[in-house]
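The values are calculated or read from the model by the stated rules, or taken from the named source; none is laboratory data. It should be emphasised that the depicted structure is a prediction, and the values quoted were computed from it without experimental measurement. Here the Cβ positions follow ideal geometry from the backbone for every residue, glycine too, while neighbour counts run over all protein chains shown.
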Amino acid sequence: MTALSISIEPAASGIDPMLTGKLLVAMPGMRDPRFAKSVIYVCAHSSDGAMGLVVNQALRTLSFPELLTQLGLDTNGTTDRIRVHIGGPVESGRGFILHSSEYRQQGTLIVDDHFALSATVDILKAMARGDGPRRSLLALGYAGWGPGQLDGEIKANGWLHVPPDEDLVFGVDLDSKWVRAMGKLGVDPRMLSDEAGHA
């Protein structure tokens, strides 16, 4: 197995605060099977496009200690309590850590007062030692959209968006996250139409 690269691009200028820091919730009629019943934390949204991490899909083929071994890092003291998630279909060899914002290092993107994004080996080392962020989610790959693409998908009834909370983003019960995210809107998913409404 080849080592995975852990890197992050600098934050894009002109981030649109409308969706940055929000959760996208896939509508029941989501046609892309990669995103069916997915919940995505939007890390950045601007006129250049958008980037986010799926927070409710576990990667079952790789554990945290195995990831550290691939990267040549010390695995002493690590446990499987840190799970690896599928962050999205783009660049699945890149790692990202979405985490609580009290943990900051050079290269950390502060999304808002509660959430931040890091993608360095240093944060993985800190997590392995047990002195990383208070709460975190480790993901391989990300969800990405080109200019205007996400806005178009929302208008086409592909996504709803809701404010995040730490338990929904970082909680370990992945199977309930989609229903809980819908619940933040007071929506019963069974009552939603698969088609966009038109006046």
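Structural remarks
- Only one entry of Lys184, Lys155, Lys177 meets the criterion of being under 29 Å from Pro28 (Cα atoms), among the charged types (D, E, K, R) and modelled with pLDDT of 95 or more, and that entry is Lys177.
- Segment 155-186, subset over 18 Å from the mean Cα position of the chain (by Cα) and of a type in the set (A, V, I, L, M), residue farthest from Arg83 (Cα to Cα): Ala156
- Members of segment 23-56 that are buried (at least 21 other Cβ atoms within 10 Å of the Cβ) and of a type outside the set (A, V, I, L, M): Phe35, Ser38, Tyr41, Cys43, His45, Gly52, Asn56
- Residues that are part of a loop (DSSP other than H, G, I, E, B) and of a type outside the set (Lys, Arg) within segment 34-62 comprise Ala36, Ser38, Ser47, Asp48, Val55, Asn56, Gln57, Leu59, Thr61, Leu62, listed in sequence order.
- Strands (runs of 3 or more DSSP E) (entirely within segment 63-174) containing at least 1 residues that are aromatic (Phe, Trp, Tyr) and in contact (Cβ under 8 Å) with a residue 60 or more places away in the chain: 90-100, 115-118, 136-145, 159-162
- From the list Leu117, Leu124, Leu150, Leu138, the lone residue that is of a type outside the set (Asp, Glu), surrounded by 21 or more Cβ atoms within 10 Å (Cβ to Cβ) and farther than 16 Å from Ile40 by Cβ is Leu124.
- For segment 119-165, a residue qualifies if it is touching a strand residue (DSSP E or B) at 6+ places or on another chain (Cβ under 7 Å) and under 18 Å from Glu102 (Cβ atoms), and the qualifying residues are Ala119, Ile123, Met127, Pro133, Arg134, Arg135, Ser136, Leu137, Leu138, Pro164.
- Taking (1) touching a helix residue (DSSP H, G or I) at 6+ places or on another chain (Cβ under 8 Å); (2) at pLDDT 95 or above; (3) surrounded by fewer than 21 Cβ atoms within 10 Å (Cβ to Cβ) in turn, Leu98 satisfies each apart from (3).
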